[in-house]
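J.: Okay, here's the structure, questions in a sec.
Quick note: the coordinates plus some simple rules give every number you see, no bench work behind them. As the structure is a prediction and not an experimental result, all values here were calculated from the model. Methodologically, a virtual Cβ is constructed for each residue, glycine included, from the backbone with ideal geometry; neighbour enumeration extends over all protein chains shown.
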């Protein structure tokens, strides 16, 4: 038989079959997408717990910690979301509430507070500025903090926030989204390394001078990423007394160029990878290529197109690293341990403790248009988040059997002190103009200077210091705040004549829980031995403020 005679018959059938198969595949993908996008945080949290139990079966066994009680949950979720603990009145209302959905409703209330936006704006400020290479970047810390706070207040999608930082231009005092570029002094290599670390969770900076020693990234790939940013420059404000910088763009060859352009006051049209054997040589011209996907642009493209395209490729849903980097970081911050540790050192050659669980949550986050509040609702609804706390596990133990108590960031610790002492911790408005002070010289900023730390660092590497201990033990602000003759303690002593009731009140305010029977006995004994009731109260409150429990979130 002449097989060519079958073509007119078979070809339409084959074509129709292919169309049907493609349609089914596309329909399945769209259905999965739609399902993920329409899944409620509670339902997605249940799926996350189920998937985690598949990958780490012991998380569903009696070895896992039980669900935390209401007092622990409320203190934890309050410190996590708004950076301050609940008041005794809020704790009492929450514990007495018998509604089955009270934890989810409490999360909604916290996410609606201005403190939520302020807390997470400060968190990302620290992510950006703790690894600065330009000390003068501190000029614009307040502008960046205000910008981030506004984005969290408006629940701006994470991809839009990332795009703004990648494509930023303008005066850094007016454009807080220029913070990453400013923190790296406008240096091309430092800027792209931070963009990769923060938005992709990948530390490609180790490939700047040689192939990455422990990952697959090549030196050429680092400099291909740098080729998206050579036209960006950072110029001091004029006149110099303005104490500001402007992120500018150079799309044409300047007539005059300084002999030494290390400070990047003028951009270059293209990026060249340095010749290690001859540092004086021009180096190799690099084409802009995103290393995780291989997507590329031609040389000669203007800056706006380069950085806009880079932002689009980085934040695309097809680029799984973008969503996974954010999910991994927030999971670590809330649960106490990430799927990857450290949170900003992910990659195909790194070990993930539960890759399918991370993939599930990251894909759902992307399907929900990178909605940050959706992600907070989902993680805080998981059993993994709501488990009781245990100390950080040994390397050989399985992960996620409990939540991990974490040392409070400086801002959280200050917020806790403000609630305890009934202090007004509102930041003054940011002053502007040529004669404005560089910083908000507020008690919060002074406190965070002493107690703050890089939030990207593994928490088991964060420890206290002697100056911190001295500040809490006998610092003038603490000593004044806990004095029995004034402030909160003075009012409590006048209003509460019963020592047992006073002890309970102090524990509720300091630790968001009632004291144990043994703790009450110890405190009552001290009341009997102390010279005065006021001195005994001061001692008890001082010991609570200096306790490990006060310095950590449960």
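J.: If you count the DSSP beta bridges with both ends in the chain, what percent of them are antiparallel, to the nearest 5?
T.: The antiparallel fraction comes to roughly 85 percent.
J.: Something else now. Between residue 251 and residue 396, what is 0.36 nm times their sequence separation minus the Cα-Cα distance? Round to one decimal in nm.
T.: 46.8 nm
J.: Let's test this: bin the Cα-Cα distances of the stretch 346-428 at 10 Å from zero up to the farthest pair and state each bin's percent.
T.: With a bin width of 10 Å, the distribution comes to 13, 28, 36, 18, 5.
J.: While we're on this one: For the chain, what is the mean residue ellipticity at 222 nm derived from helices alone (per DSSP H run of n ≥ 4: -39500 (n - 2.57); sum divided by total residues; nearest 500 deg cm²/dmol)?
T.: -16000 deg cm²/dmol
J.: Related question: Highest mean first, what order results for 97-105, 361-369, 55-63, 511-519 on Cβ atoms within 10 Å?
T.: Numbers: 97-105: 12.1, 361-369: 22.2, 55-63: 14.2, 511-519: 15.8.
Highest-to-lowest ranking by the protection proxy: 361-369, 511-519, 55-63, 97-105.
J.: Put a dot 7 Å past each Cα toward the Cβ at residue 216 and residue 530; how far apart are the dots in nm?
T.: It is 6.3 nm.
J.: Right, another one. So if the hydrodynamic radius of the stretch 252-361 is defined as the Kirkwood radius over C-alpha pairs, what does Stokes-Einstein give as its diffusion coefficient at 25 °C and 0.890 mPa s, in µm² per second?
T.: Calculated translational D: 142 µm²/s.
J.: Arrange the following residues from fewest to most other Cβ atoms within 10 Å of their Cβ: 209, 352, 144.
T.: Lowest count first: 209, 352, 144.
J.: Quote the Stokes-Einstein diffusion coefficient, in whole µm² s⁻¹, for the stretch 131-245, based on the Kirkwood radius over alpha carbon pairs, a temperature of 25 °C and a viscosity of 0.890 mPa s. Mind showing how you got there, number by number?
T.: Details: Rh = 14.9 Å.
This corresponds to a translational diffusion coefficient of 164 µm²/s.
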